[in-house]
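For reference, the structure is listed below as structure tokens.
Read-outs throughout are calculated quantities, based only on the coordinates presented, and are distinct from any laboratory measurement. Worth saying up front: this structure is predicted, and the values here are computed from it rather than measured. Methodologically, a virtual Cβ is constructed for each residue, glycine included, from the backbone with ideal geometry; neighbour enumeration extends over all protein chains shown.
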Amino acid sequence: MALKFHNTLTGQIDEFVSILPGKVSLYTCGPTVYNYPHIGNWAAYIYWDVLVRILKANNYDVTRVMNITDVGHLVSDADDGEDKLEKGARREGKTAWEVAKFYTEVFIDGMHRLGLIMPNEITKATEFVTEQIELVRKLEAKGVTYQIDDGIYFDTSKFPSYADFAHLDLDALKAGARVEANLQKRNPSDFALWKFTPAGEKRDMEWEMDGRMGFPGWHIECSAMALSILGKTIDIHTGGIDHIPVHHTNEIAQSETANGVRFSNYWLHNNFIKVNGTKISKSLDNGYTLDDLQAKGFSMLDFRMLLLQGHYRSEGNFTFDILQSAKNRLKNWRNVAALRHQVHDTLENSNQKASDDKSVPAYAVSQAIIEAINDDLGTPQALTLIDETFSKIANAKIANINRSALLQLLETIDSTLGLQLLETTPDVSDDIKKTILERNQARIQKDWKKSDSLRDQLAKQNIVIRDTDQTSIWEYKI
Ligand code: AMP
Ligand code: ZN
């Protein structure tokens with residue numbers, strides 16, 4: 001089945017066709033590095049990790065750029081309020097540069113902790129200021145900008161399809177324009193390409209343009225970085241649903257005006273995660289960080305499992321109870337993964353077994369998982385398929401487990417969902433194997449005392465024995 005995504009540009013599920021066969025250019029709007037990312041922020045990057053994984057599973061060579069917004073993202077998301085970086089600097093008594101460096105490192109460390117596939121390039125907005133100024137110049141030359149006291153603005157009335165992407169009602173926007181909004185703006189939707197440092201002030205981060213100091217607008221950063229590395233038209237652009245009406249609408253307006261071609265063929269947006277059914281907010285202090293989850297005994301993979309249980313386009317909910325059930329599900333899956341170490345060599349992989357109807361899992365399951373994810377990142381459906389298959393495996397006679405099909409299935413799950421089932425389920429040591437054999441022997445001889453004491457000894461080493469009709473299976477305790 002073909003790869004399909006919900007494309008915000010068309011408002012429907014579209015089959016994915018790349019510009020160049022076998023290649024995908026992908027731009028992900030990255031974090032603003034002024035604070036610790038919370039689980040809602042991370043949700044977005046975990047979903048886009050699955051996107052990268054499924055593109056790779058479909059044999060695409062993916063070139064991905066993700067930016068780091070280290071300047072110019074104002075508190076209001078529009079063009080007023082303080083720069084989030086400068087605000088962070090005041091809060092911490094540091095310079096904006098120090099704040100940016102610190103939280104960029106926190107973010108990249110978090111990406112590693114979560115096992116996210118690293119983008120080919122992680123670009124900092126502050127390292128692309130020349131490209132941003134060039135893009136502003138290009139727009140000026142096209143006559144779509146104007147200068148007012150606090151900066152250079154894009155005149156959105158010069159881009160006739162401005163309202164289309166987010167289905168904006170520009171008349172309502174005009175009527176509802178806030179009284180205190182910048183009166184010099186020609187249209188309420190006009191946005192700053194470049195802002196001037198206010199007279200008499202000095203910012204930590206500022207650059208010279210036309211003899212005045214200033215800094216780029218948040219939107220021009222993404223357009224300039226995508227354009228300089230990936231080209232005028234890219235295959236896929238991702239972000240959160242909050243980006244649709246302002247940030248991405250503005251990226252499209254300025255990129256398409258500058259280049260005269262479509263900016264991105266597919267636009268994917270993730271929905272938001274709530275915590276205990278409530279919006280994540282500073283005042284509620286419910287924006288948990290990765291460290292908060294770890295402090296409560298949860299792993300990064302437990303958190304990934306929680307997110308995969310939901311669909312990226314549906315509003316998600318996080319509670320510690322849901323995280324606990326995701327953890328339990330992962331634990332059960334690991335014990336199925338560990339069965340690969342316990343399938344008897346004499347029976348494994350024989351042709352007779354592979355074609356036997358009792359043999360589990362079927363080779364076709366791996367393909368079915370890929371197809372579920374191909375269908376607009378259908379991770380909940382993929383997880384249901386895995387549950388069904390794993391429960392068949394867990395209930396099967398060990399002799400009916402097809403080791404090579406199980407290995408293929410685990411590899412598919414790990415490569416598409418990043419759950420690291422193979423990596424986290426090592427075989428037990430030779431000593432433990434010996435103890436298990438001794439215990440089996442004691443059971444055969446009905447020496448219950450010895451069998452129980454060996455069972456206790458194994459439990460101390462985090463191994464639990466599950467006795468079935470034919471054999472004893474070991475499992476990880478935690
Ligand atoms: P920021 O660093 O504030 O620019 O946000 C980084 C990303 O996190 C953006 O793409 C947002 O769309 C996304 N985001 C913020 N809050 C949430 C949330 N509660 N759930 C999912 N994504 C979120
Ligand atoms: Zn962006």
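Among Lys434/Lys477; Lys4/Lys274; Lys392/Lys450; Lys23/Lys232; Lys101/Lys124; Lys296/Lys477, which pairs are too far apart, with a Cα-Cα distance over 21 Å?
The answer is Lys4/Lys274; Lys392/Lys450.
Sketch the reach of a paramagnetic label on Lys142 as a point 7 Å from Cα along Cα-to-Cβ, and name the residues of the stretch 169-211 whose backbone nitrogen lies under 18 Å away.
What the label zone holds, given the 18 Å backbone N cut-off, is 187, 189-194.
As an exercise, use a Förster radius of 41 Å and the Cβ-Cβ distance of Trp448 and Ser281 to find the FRET efficiency, rounded to the nearest 0.05.
0.10
Would you please give the FRET efficiency between Ala199 and Asp292, computed as 1/(1 + (r/R0)^6) with r the Cβ-Cβ distance and R0 = 56 Å, to the nearest 0.05?
Given R0 = 56 Å and the Cβ-Cβ separation, E is 0.85.
Using a Förster distance of 22 angstrom, determine the FRET efficiency expected from the C-beta separation of Ile19 and Gln367, and round it to 0.05.
Efficiency at R0 = 22 Å is approximately 0.25.
Using a simple charge model, +1 on the beta-carbon of Lys and Arg, -1 on the beta-carbon of Asp and Glu, nothing else, what dipole does the stretch 4-270 show about its Cα centre, in debye to the nearest 20?
Dipole magnitude for the stretch 4-270 comes out near 420 debye.
Peptides 82-95, 19-32: what's the order by average Cβ count within 10 Å, highest mean first?
19-32, 82-95
What ranking do 457-470, 225-238 get when scored by the average of other Cβ atoms within 10 Å per residue, highest first?
Per-residue mean Cβ counts within 10 Å order the peptides as 225-238, 457-470.
Summing -39500 (n - 2.57) over the DSSP H runs of n ≥ 4 in the chain and dividing by its residue number, what mean residue ellipticity at 222 nm do you reach, to the nearest 500 deg cm²/dmol?
Value at 222 nm, helices only, nearest 500: -13000 deg cm²/dmol.
Let me know the charge dipole size of the stretch 430-476 about its Cα centre in debye, to the nearest 20, where only the beta-carbon of Lys, Arg (+1) and Asp, Glu (-1) is charged.
The dipole magnitude comes to about 140 debye.
If you stretched the chain out fully between Arg90 and Lys232, how much longer would it get, using 0.36 nm times the residue separation minus the C-alpha to C-alpha distance?
Working it through step by step, the gained length comes to 47.4 nm.
When only DSSP loop residues count, what chymotrypsin sites (Phe, Trp or Tyr not before Pro) in the stretch 86-142 have their Cβ near at most 12 other Cβ atoms within 10 Å?
none
Answer with one residue from Ile436, Gly217, Leu422: the one whose Cα lies farthest towards the positive end of the charge dipole of the chain, charges on Cβ with Lys, Arg +1 and Asp, Glu -1.
Ile436
May I ask you to list the lysines whose Cα is less than 18 Å away from that of Lys158, ignoring any residue fewer than eight positions away on the same chain?
Lys138, Lys142, Lys174, Lys185
Identify, among Val129, Ala226, Tyr476, the residue whose Cα sits farthest towards the positive end of the charge dipole of the chain, taking +1 on the Cβ of Lys and Arg and -1 on the Cβ of Asp and Glu, with the dipole about the Cα centre.
Going by the charge dipole, the pick is Tyr476.
State, as an integer percentage, the relative contact order of the stretch 4-270 based on alpha-carbon contacts under 8 Å between residues 6 or more apart.
Answer for the stretch 4-270 is 25 percent.
So which GluC sites (Glu not before Pro) in the stretch 373-478 end up in coil per DSSP with only 16 or fewer other C-beta atoms within 10 Å?
Within the stretch 373-478, the qualifying GluC sites (Glu not before Pro) (loop, at most 16 other Cβ atoms within 10 Å) are Glu423.
Can you tell which of Gln254, Ile54, Leu173 lies farthest toward the positive end of the dipole of the stretch 4-270, using +1 and -1 charges on the Cβ of basic and acidic side chains (Lys, Arg; Asp, Glu)?
It is Ile54, whose Cα lies furthest towards the positive end.
If each residue of separation counts as 0.36 nm, what is the full-extension length gain between Asn120 and Lys460 once their alpha-carbon separation is subtracted?
Contour length minus the Cα-Cα distance gives 118.0 nm.
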